[in-house]
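Reading through the structure tokens given below for one structure.
The values are calculated or read from the model by the stated rules, or taken from the named source; none is laboratory data. Nothing here was measured: the structure is a model prediction, and the numbers come from that model. When we count neighbours, we look across all protein chains shown, and the Cβ atoms used for this are built from the backbone with ideal geometry, even at glycine.
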Amino acid sequence: MPLTRLTLRTFRNHAATRLEGMAAFNVLVGENGAGKTNVLEAISLLAPGRGLRRAGIAEMAAHGGDGSFAVAAEMEGGEITLGTMTTPAAPGRRAVRINGAEGPATRLSEWLSVTWLTPAMDRLFSESAGARRRFLDRLVMAREPGHARQSVRYETALRERNRLLGEAQEPDPAWLDALEAGLAETGAEIVRARAELVRDLAAALADLPEAPFARPALRYTGESGDLRAALRQGRRRDRAAGRTLTGPHRDDLAVRLAAKDAPAADCSTGEQKAMLIAIVLAHAALTAGPRPRLLLLDEIAAHLDPLRRAALYERLAASGAQVWMTGTELAPFEGIGAAAAVWRVADGGAVRA
């Protein structure tokens, strides 16, 4: 089982919460505002990045405390431990510990594959390309743990190039050459990983029926060719714009509803939600491997009819991932029965039902 124990200390509204005895399906039930999504957010911090809310680290500590928090997880019955925390002295700095040793957050992806779907993501197809890139990169990271390191290297070099281009004096060409060589190298690897995942997802989705979930068609869009040469040729233009206008940080994930051949952004809210679910389920089937996998699904069952809920649970069970779901009542989860561990969440605490 991926997670066998989870402990939260002064995280959001959870002063001291411990969950143990996990199952294949794990359900958090409680009223709105009870702290269910906070548990999912804590779990999402066991992966690189800003978590499922994309909140600032300092925002996650409990109000009225010393500004610190801690999230700790045990895997394989305690043989593997992962943790992330802040301290009162540095509330905005997130530390990570893996088996007791401090390390970079990018290493978390070597131990655990984490994917999530939240109500806020229902607008993904009508939001900016940046939101879809982050979604795609999260899917890639769940399959290729090295993608986190490549992304950090690329973003670091990109910020430095933008800083140089924004200075009043002309940048040193040799320094730009070195930065652009690094951008081209890591950028090529990022594009490869993204394109391969989209190709495999598209193939998996193409084999699915149109029902019960709307079937999306996917395509990775971006400029092709020699990135290093494009960056060199675009220096004057980028300097005028104050930012780099070429590279994988500008690419996008194009999604269409296959049955209507319509852009996802033009489809109904229900169709967009169904396409997102289809993508996440197809991705879960593609990521089987040696790393434990977690799927965090916030309020996913509330707006599905019984037929779609049954299909959802069947495919989640077949994925082999440990699934975490939230809801305001237990009735929508009756279909998973004995396969589920259930916690009642209230007032920042969780009690096993």
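Considering segment 322-339, and only residues there that are without any contact (Cβ under 8 Å) to a residue 40 or more places away in the chain and among the hydrophobic types (A, V, I, L, M, F, W, C), the residue that is surrounded by the fewest Cβ atoms within 10 Å (Cβ to Cβ) turns out to be A338.
Out of A302, A288, one residue alone is part of a loop (DSSP other than H, G, I, E, B), more than 24 Å from A217 (Cα to Cα) and modelled with pLDDT under 95. It is A302. Scanning segment 315-334 for residues that are in a helix (DSSP H, G or I) and within 24 Å of A288 (Cα to Cα) turns up R315, L316, A317, A318, S319. Among residues of segment 163-187 that are over 11 Å from T244 (Cβ atoms), those with a Cβ under 8 angstrom from a residue that is surrounded by fewer than 12 Cβ atoms within 10 Å (Cβ to Cβ) and not hydrophobic (A, V, I, L, M, F, W, C), sequence gap 6+ or separate chain, pair up as A184/D226.
Matching residues to (1) under 20 Å from R352 (Cα atoms); (2) among the aliphatic types (A, V, I, L, M); (3) in contact with a helix residue (DSSP H, G or I) (Cβ under 6 Å, 6 or more places away or on another chain):
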| site | (1), (2), (3) |
| --- | --- |
| A16 | yes, yes, no |
| E20 | yes, no, no |
| P48 | no, no, yes |
| E59 | no, no, no |
| H63 | no, no, no |
| G67 | no, no, no |
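The residues of segment 123-137 that are touching a residue at least 40 places away in the same chain (Cβ under 8 Å), buried (at least 16 other Cβ atoms within 10 Å of the Cβ) and either in contact with a helix residue (DSSP H, G or I) (Cβ under 7 Å, 6 or more places away or on another chain) or polar (S, T, N, Q) (or both), listed by number, are L124, F125, R132, F135, L136, D137. In segment 250-272, of all residues being assigned to a helix (DSSP H, G or I) and surrounded by fewer than 22 Cβ atoms within 10 Å (Cβ to Cβ), the one that is farthest from the chain's Cα centre (by Cα) corresponds to D266. Restricted to strands (runs of 3 or more DSSP E) entirely inside segment 1-68, those with at least 1 residues that are farther than 22 Å from L316 by Cα are 5-11, 14-20. The residues on offer are L176, L158, L208, and the sole one that is at pLDDT below 95, surrounded by 14 or more Cβ atoms within 10 Å (Cβ to Cβ) and out of contact with any strand residue (DSSP E or B) (no Cβ under 8 Å at 6 or more places or on another chain) is L208. Scanning segment 23-33 for residues that are surrounded by 18 or more Cβ atoms within 10 Å (Cβ to Cβ) and either touching a Ser or Thr at 6+ places or on another chain (Cβ under 9 Å) or of a type in the set (S, T, Y) (or both) yields V27, L28, V29, G30. Applying the condition of being modelled with pLDDT under 95 and among the charged types (D, E, K, R) to segment 161-171 and asking which residue is surrounded by the fewest Cβ atoms within 10 Å (Cβ to Cβ) yields E167.
Considering segment 105-121, the residues that are part of a loop (DSSP other than H, G, I, E, B) and modelled with pLDDT under 95 include one that is nearest to D298 (Cα to Cα), namely L112. For segment 153-204, filtered to residues that are of a type in the set (V, I, T) and within 30 Å of A282 (Cα to Cα), the residue that is farthest from the chain's Cα centre (by Cα) is T186. Could you go through segment 70-93 and let me know if any residue there is in contact with a Phe, Trp or Tyr (Cβ under 9 Å, 6 or more places away or on another chain), touching a residue at least 60 places away in the same chain (Cβ under 8 Å) and in a loop (DSSP other than H, G, I, E, B). No; the residues of segment 70-93 include none that is in contact with a Phe, Trp or Tyr (Cβ under 9 Å, 6 or more places away or on another chain), touching a residue at least 60 places away in the same chain (Cβ under 8 Å) and in a loop (DSSP other than H, G, I, E, B). Of the residues making up segment 196-220, those that are in a loop (DSSP other than H, G, I, E, B), out of contact with any Cys (no Cβ under 8 Å at 6 or more places or on another chain) and within 22 Å of L304 (Cα to Cα) number 7.
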